[in-house]
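*Asks:* Shown below is the structure under consideration.
The values are calculated or read from the model by the stated rules, or taken from the named source; none is laboratory data. The structure displayed is predicted, hence computed values, not measured ones. Backbone-built Cβ (ideal geometry, glycine too); neighbour counts: all protein chains shown.
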Amino acid sequence: MRTLMALDLSYTNTGIAVFYDGIFQKELSKTKGTKPADGTDIHRCDMILAEIVRVADVVTRSREKPLIFIEDYAFARNNLREKMGELGGVVKHGLWTLEYKTQTLPIATVRKVVTGKGNAAKDMVMMSLLKNYGLEIPQNDLADAAAVGITGDYIMQYMEDNSVILRLPIDVREGLKGYLKNK
């Protein structure tokens, strides 16, 4: 049984996607908007972590502890770089203290797996999720989390049986090639 969560971390709307054996669990997946009463960044980070842990605990009650895939930082973007590093550090540390395993996936890998293009725009990710996976997801943060989850599921399949790579669509194989070579 493959149980995973996927995160698209954001200060405004963190996308949280849950997959059981490669199937997107719409009822457990969500975006978490944050507007803390005191307005502090650390409070906002804490609210996001708390929601991620709440969803992970719900998953763990009915399944095994999920492997949590996190979309890596957008290194080319200058806006909010330090804040995103702060949020990522808080979330990763919080999950580590609760003994959840995490794995970070490069944005280009995720987008290449899902769309065939490593530099695909968010709207192209959303269109590809609908066309190739039958997932109609109206919020781009949740769509990005779902794309991370799909990529993570392919990686989990590969970790279970590396011959699975030969049965994957060519775009997916090409998208995973560089990532798996470095693991």
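*Asks:* For segment 156-172, name all the residues that are under 13 Å from V114 (Cβ atoms) and either at pLDDT 90 or above or not hydrophobic (A, V, I, L, M, F, W, C) (or both).
*Replies:* If we filter segment 156-172 for residues that are under 13 Å from V114 (Cβ atoms), which is where we start, we get 168-169, 171-172.
Residues satisfying the conditions are P169, D171.
*Asks:* So is V164 of a type in the set (V, I, T), more than 16 Å from A6 (Cα to Cα) and not in a loop (DSSP other than H, G, I, E, B) or not?
*Replies:* Working: of a type in the set (V, I, T): yes; more than 16 Å from A6 (Cα to Cα): yes; not in a loop (DSSP other than H, G, I, E, B): yes.
So V164 fits the description; yes.
*Asks:* Can you confirm whether S62 is out of contact with any Pro (no Cβ under 8 Å at 6 or more places or on another chain), of a type in the set (S, T, N, Q) and over 18 Å from P169 (Cα atoms)? Can you show your working first?
*Replies:* Details: out of contact with any Pro (no Cβ under 8 Å at 6 or more places or on another chain): yes; of a type in the set (S, T, N, Q): yes; over 18 Å from P169 (Cα atoms): yes.
Here the answer is yes, as S62 does meet what is asked.
*Asks:* Based on what the data block shows, is N162 under 23 Å from A74 (Cβ atoms) and exposed (fewer than 13 other Cβ atoms within 10 Å of the Cβ)?
*Replies:* The answer is no for N162.
*Asks:* Right, next: Scan segment 76-93 and tell me whether some residue there is modelled with pLDDT of 90 or more, farther than 20 Å from Y11 by Cβ and of a type in the set (D, E, K, R).
*Replies:* No, segment 76-93 has no match at all.
*Asks:* Follow-up question, since we're still on this one. Select, from I107, I52, the only residue that is within 18 Å of V172 (Cα to Cα), surrounded by 13 or more Cβ atoms within 10 Å (Cβ to Cβ), out of contact with any Lys or Arg (no Cβ under 6 Å at 6 or more places or on another chain) and without any contact (Cβ under 8 Å) to a residue 60 or more places away in the chain. Spell out the reasoning first.
*Replies:* Numbers: I52 fails: within 18 Å of V172 (Cα to Cα).
I107 is the lone residue from the list that is within 18 Å of V172 (Cα to Cα), surrounded by 13 or more Cβ atoms within 10 Å (Cβ to Cβ), out of contact with any Lys or Arg (no Cβ under 6 Å at 6 or more places or on another chain) and without any contact (Cβ under 8 Å) to a residue 60 or more places away in the chain.
*Asks:* Would you point out which residue out of R173, R167 is more than 19 Å from Y73 (Cα to Cα), among the basic types (K, R) and surrounded by 15 or more Cβ atoms within 10 Å (Cβ to Cβ)?
*Replies:* Values: R167 fails: surrounded by 15 or more Cβ atoms within 10 Å (Cβ to Cβ).
Just one listed residue meets the conditions, R173.
*Asks:* So, one more: Just the residues that are in a loop (DSSP other than H, G, I, E, B) and either farther than 14 Å from E71 by Cα or free of Cβ contacts under 8 Å to residues at least 24 places away in the same chain (or both), please, taken from segment 112-157. Quick ask: steps written out before the conclusion?
*Replies:* We begin by selecting, within segment 112-157, every residue in a loop (DSSP other than H, G, I, E, B); these are 116-121, 134-139.
Across segment 112-157, the qualifying residues are G116, K117, N119, A120, A121, G134, L135, E136, I137, P138, Q139.
*Asks:* Another question, if that's okay. Does E99 fit the bill of being out of contact with any strand residue (DSSP E or B) (no Cβ under 9 Å at 6 or more places or on another chain), on the phi > 0 side of the Ramachandran plot, in a loop (DSSP other than H, G, I, E, B) and surrounded by fewer than 14 Cβ atoms within 10 Å (Cβ to Cβ)? Don't jump to the end; show me each part of the working.
*Replies:* Details: out of contact with any strand residue (DSSP E or B) (no Cβ under 9 Å at 6 or more places or on another chain): yes; on the phi > 0 side of the Ramachandran plot: yes; in a loop (DSSP other than H, G, I, E, B): yes; surrounded by fewer than 14 Cβ atoms within 10 Å (Cβ to Cβ): yes.
Yes; evaluated as a whole, the condition is true for this residue.
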